[in-house]
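Visitor: Handing you this structure, nothing more for now.
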Amino acid sequence: MNGPLDGPEESRGTAGDLVTAATRAEYCVIACAEAWRGAGEILASPMGLIPSVGARLARRTFAPDLLLTDGEALLVGQDGTVEGWLPYRQHLALVTGGRRHVMMGASQIDRFGNQNISCIGDWHQPKRQLLGVRGAPVNTLNNPTSYWIPKHSPRVFVERVDMVCGVGYDRAAGARYHRIPRVVTDLGVLDFETPDHSMRLASLHPGVTVEEVTEATGFTLTIPDEVPYTRDPTAEELRLIREVIDPADTRAREVGR
């Protein structure tokens, strides 16, 4: 099992010195943005700072038809200008008809993508109460759902979740719109492109090794013979991230490297 053949040297990518200066947080933004590549006119629902920056970057570059909201009932443009109204009944139609791609968080996630955001420990008497199930079952069964996990660790990537909130591939038989395109973490990108839909290491962020990822995962991952690096941001993407979308560098609050 080998890592990427080429390290994050100055010759990589096309953005010159700007690319070599890209931070880990900015690679995470790129990895999140890629979740919406080719999505067409669907509702993007990013949850978290870096997924939000990623969705806005995708809208400004390779996914111009993405629909973004203000978090309530308004559809907004790249600069926050109101473009339309999204009443609750219409939002539900999008959620249950496969025309939304949400990127959620996960307190626990297992090899088949079952997600827990409700409690730690036996749910009859949990050690810790978390957010609750919320909309996770509806999200995962009725539209594509990716995950953003800012700290890749064995406490999050577990053999078995304590409670199933978001539904994984081993429990979603017959669900028409169920799909988990990717899991993005501070170490890399994972997906479920395996014969049994178990989790696979899809790419490493520059500077991360395969060993770091496996040590931070509480179950056995599928590891390809050659694992690529997460793609470099272009110079224009870095400019948009740093000067237009997130000039206050809020992304560093989630991933500080």
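The values are calculated or read from the model by the stated rules, or taken from the named source; none is laboratory data. Please read all numbers here as calculations on a predicted model, not as lab measurements. Cβ: placed from backbone, ideal geometry, glycine included. Neighbour counts: every protein chain shown. Side chains included, ligands, DNA and RNA excluded: accessible areas come from the protein's heavy atoms. Shrake-Rupley method; radii C 1.70, N 1.55, O 1.52, S 1.80 Å.
Visitor: Output the number of residues of region 125-145 satisfying the condition of being surrounded by 19 or more Cβ atoms within 10 Å (Cβ to Cβ) and in a loop (DSSP other than H, G, I, E, B).
Guide: 2
Visitor: Name the residues in region 8-47 that are at pLDDT below 90, closer than 18 Å to Arg242 by Cβ and not small (Gly, Ala, Ser), would you?
Guide: If the condition is that a residue be at pLDDT below 90, closer than 18 Å to Arg242 by Cβ and not small (Gly, Ala, Ser), then Thr14, Asp17, Leu18, Val19, Thr20 are the ones that fit.
Visitor: Another question about this same structure. Hey, Asp122 hits all of (1) modelled with pLDDT of 95 or more; (2) surrounded by fewer than 15 Cβ atoms within 10 Å (Cβ to Cβ); (3) not hydroxyl-bearing (Ser, Thr, Tyr) but one; which does it fall short on?
Guide: For Asp122, the exception is condition (1).
Visitor: Still on this structure, I have one more. Residue under question is Arg176, and the condition is that it be more than 20 Å from the chain's Cα centre (by Cα), at pLDDT below 95 and either among the charged types (D, E, K, R) or open to solvent by less than 10 Å² (accessible area, probe 1.4 Å) (or both); does it hold?
Guide: So Arg176 fits the description; yes.
Visitor: At pLDDT 85 or above, part of a loop (DSSP other than H, G, I, E, B), of a type outside the set (Ser, Thr, Tyr) and within 14 Å of Val164 (Cβ to Cβ) - does that describe any residue in region 95-107?
Guide: Taking every residue of region 95-107 in turn, at least one turns out to be at pLDDT 85 or above, part of a loop (DSSP other than H, G, I, E, B), of a type outside the set (Ser, Thr, Tyr) and within 14 Å of Val164 (Cβ to Cβ).
Visitor: Name every residue in region 179-196 that is open to solvent by 20 Å² or more (accessible area, probe 1.4 Å) and either in contact with a His (Cβ under 8 Å, 6 or more places away or on another chain) or within 14 Å of Ser146 (Cα to Cα) (or both), in order of residue number.
Guide: Correct list: Arg179, Pro181, Arg182, Glu193.
Visitor: Do the conditions hold for Thr214, that is, is it closer than 29 Å to Leu141 by Cβ, modelled with pLDDT of 95 or more, touching a strand residue (DSSP E or B) at 6+ places or on another chain (Cβ under 9 Å) and open to solvent by 30 Å² or more (accessible area, probe 1.4 Å)?
Guide: no
Visitor: Which residues, counting only those in region 194-213, are closer than 22 Å to Arg160 by Cβ and within 19 Å of the chain's Cα centre (by Cα)?
Guide: Listed by number, the residues that qualify are Thr194, His197, Ser198, Met199, Arg200, Leu201, Val213.
Visitor: Hey, any hits in region 223-245 for a residue that's touching a strand residue (DSSP E or B) at 6+ places or on another chain (Cβ under 9 Å), open to solvent by less than 30 Å² (accessible area, probe 1.4 Å), not hydroxyl-bearing (Ser, Thr, Tyr) and not in a helix (DSSP H, G or I)? Don't jump to the end; show me each part of the working.
Guide: Filtering region 223-245 for residues touching a strand residue (DSSP E or B) at 6+ places or on another chain (Cβ under 9 Å) gives 223-231.
From the residues that got through so far, the ones that are open to solvent by less than 30 Å² (accessible area, probe 1.4 Å) too are 223, 227, 230.
Keeping just the survivors that are not hydroxyl-bearing (Ser, Thr, Tyr) gives 223, 227.
Keeping just the survivors that are not in a helix (DSSP H, G or I) gives 223, 227.
The answer is yes, given that some residue of region 223-245 is touching a strand residue (DSSP E or B) at 6+ places or on another chain (Cβ under 9 Å), open to solvent by less than 30 Å² (accessible area, probe 1.4 Å), not hydroxyl-bearing (Ser, Thr, Tyr) and not in a helix (DSSP H, G or I).
Visitor: Yes or no: Asp225 out of contact with any Ser or Thr (no Cβ under 9 Å at 6 or more places or on another chain) and closer than 17 Å to Ala35 by Cβ?
Guide: No.
Visitor: Related question: Restricting attention to region 146-162, report how many residues are open to solvent by 70 Å² or more (accessible area, probe 1.4 Å) and either outside any loop (DSSP other than H, G, I, E, B) or free of Cβ contacts under 8 Å to residues at least 40 places away in the same chain (or both).
Guide: 1
Visitor: Residues being free of Cβ contacts under 8 Å to residues at least 40 places away in the same chain and open to solvent by less than 40 Å² (accessible area, probe 1.4 Å): count how many of those fall in region 200-211.
Guide: Total meeting the criteria: 3.
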